[in-house]
1. Got a sec? Which residues in the stretch 122-157 would a label at residue 189 touch, if it sits 7 Å along Cα→Cβ and we count backbone N under 18 Å?
2. Starting with the highest mean, order 107-113, 169-175, 282-288 by the number of other Cβ atoms within 10 Å, averaged over the residues of each peptide.
3. Output ³J(HN,Hα) for the stretch 275-283: one whole-Hz value per residue in order, computed from phi by the Karplus curve 6.51 cos²θ - 1.76 cosθ + 1.60 with θ = phi - 60°, and x for Gly and Pro.
4. Pulled fully out, how much extra length does the chain show between residue 284 and residue 71, if you take 0.36 nm times their separation in residues and subtract their Cα-Cα distance?
5. Straight-line reach only, C-alpha to C-alpha below 29 angstrom: list the lysines that residue 118 could link to, leaving out same-chain residues fewer than 8 apart.
6. Please list 143-153, 184-194 highest first by mean number of surrounding beta-carbon atoms within 10 Å per residue.
7. Classify the stretch 129-199 as rounded, prolate or oblate, taking a ≥ b ≥ c as the square roots of the eigenvalues of its Cα gyration tensor: rounded when a/c is under 1.5, otherwise prolate if a/b is larger than b/c and oblate if not.
8. Leaving out same-chain residues fewer than 8 places away, which lysines sit with a Cα under 16 Å from that of residue 290?
Amino acid sequence: RPRAPPAVTSCRPLPPAGPRAPEGAAQPAAPHSPAGRPRGRPTEGAADTAKKNFGGGNTAWEEKTLSKYESSEIRLVEIIENLCDSSNFECNNMVEEHEEHLEKWWFRLKKKYPDLFKWFCIEMIEVCCPAGTYGPDCLACRGGSERPCHGNGRCDGDGTRDGDGSCSCDKEYTGDFCLDCSNGYYSTLKNETHSVCTACHAACKTCTGSSNKDCQDCKEGWIKNEAAACVVCDASCVGCTGEGSDKCKTCASGYIKEEEKCTDIDECNLPEKACIRENEDCVNTKGSYKCVCSEGFEEKDGTCVQTVKTGKWL
Ligand SMILES: *[C@@H]1O[C@H](CO)[C@@H](O)[C@H](O)[C@H]1NC(C)=O
């Protein structure tokens, strides 16, 4: 059998031939007039649903005309034209290259092989593989073709003649078969074929359960307390060896070490003024400070202007 050229790797299931409701479906006249012939287009759904889509007036005449249309060359051309997105160069190339296959299928084989995707892309041009299989011989993906990567990842080359069948696991999962939990996740269900991993508490780097008491290791910036729970380091710390501002590894910005404790710097009491605009005051905060307009003044275009009195005095 002919092999597909290596450039053609685009494997999207070709929709089975079946028309969608034509634009003019509401107007019963549409199928009669030559200009208004129904615009068939391959969509999901089998060909024999075709006639049902034309709204109302399913007369014997229409049945006959439509069924002729159903197997007509015009319709084949329409289907071929609509197989690929116009922007999908590879797909259009592939269809053009194999147009005679498609014609053969349309006129002689579509009864015997109703699944065009299977007949054309998998069996005829050998570009695709059935879902859950990969590579030149369409071997089963890791974890089996039913649930590649056990439903927790993507199989390399799935549905194509490419790839090696290995798994790229979703972020929660790891391992060759996507059955193990990544760091930061713990197992809530596991057997030979199914695995569910759930996020640890925000305090944990690794864990065995959902709470901050189930951490194996605390995340950066968190520390184990006496109750073996990971708790956040004091706000004055960057990294800590225990709870409290006296257990900081280093002080956070806006804090300075004083008598072994990381202490807030009062920026408003430094020799150099922190707030320098006119009519504004400095307000110290934990780890920082704010400059706010003085009473009777308000912020406008970056300066503090006198508040305009409105109301009862005017
Ligand atoms: C594994 O767990 C899944 C999900 O609970 C279940 O459907 C399946 O039957 C289990 N398989 C085995 C072998 O126990």
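1. In the stretch 122-157, the label zone of residue 189 (backbone N under 18 Å from the point 7 Å along Cα→Cβ) covers 146-153.
2. On the way: 107-113: 12.1, 169-175: 17.7, 282-288: 14.1.
Answer by packing, highest mean first, reads 169-175, 282-288, 107-113.
3. 10, 10, 6, 6, 6, 10, 10, 9, 10
4. On the way: separation 213, 0.36 × 213 = 76.68 nm, distance 8.17 nm.
Result for the pair: 68.5 nm of gain on full extension.
5. 51, 52, 68, 104, 110
6. Averaged packing, sorted descending, gives the order 143-153, 184-194.
7. Working: a/c = 3.38, a/b = 2.26, b/c = 1.50.
Note, shape of the stretch 129-199 comes out prolate.
8. Cα-Cα hits under 16 Å: 273.
Here, each number is a calculation from the coordinates, and none is a lab measurement. What you see is a predicted model; the values in this text were computed from it and never measured. Glycine also receives a Cβ, built like all others from the backbone with ideal geometry; neighbour counts cover every protein chain displayed.
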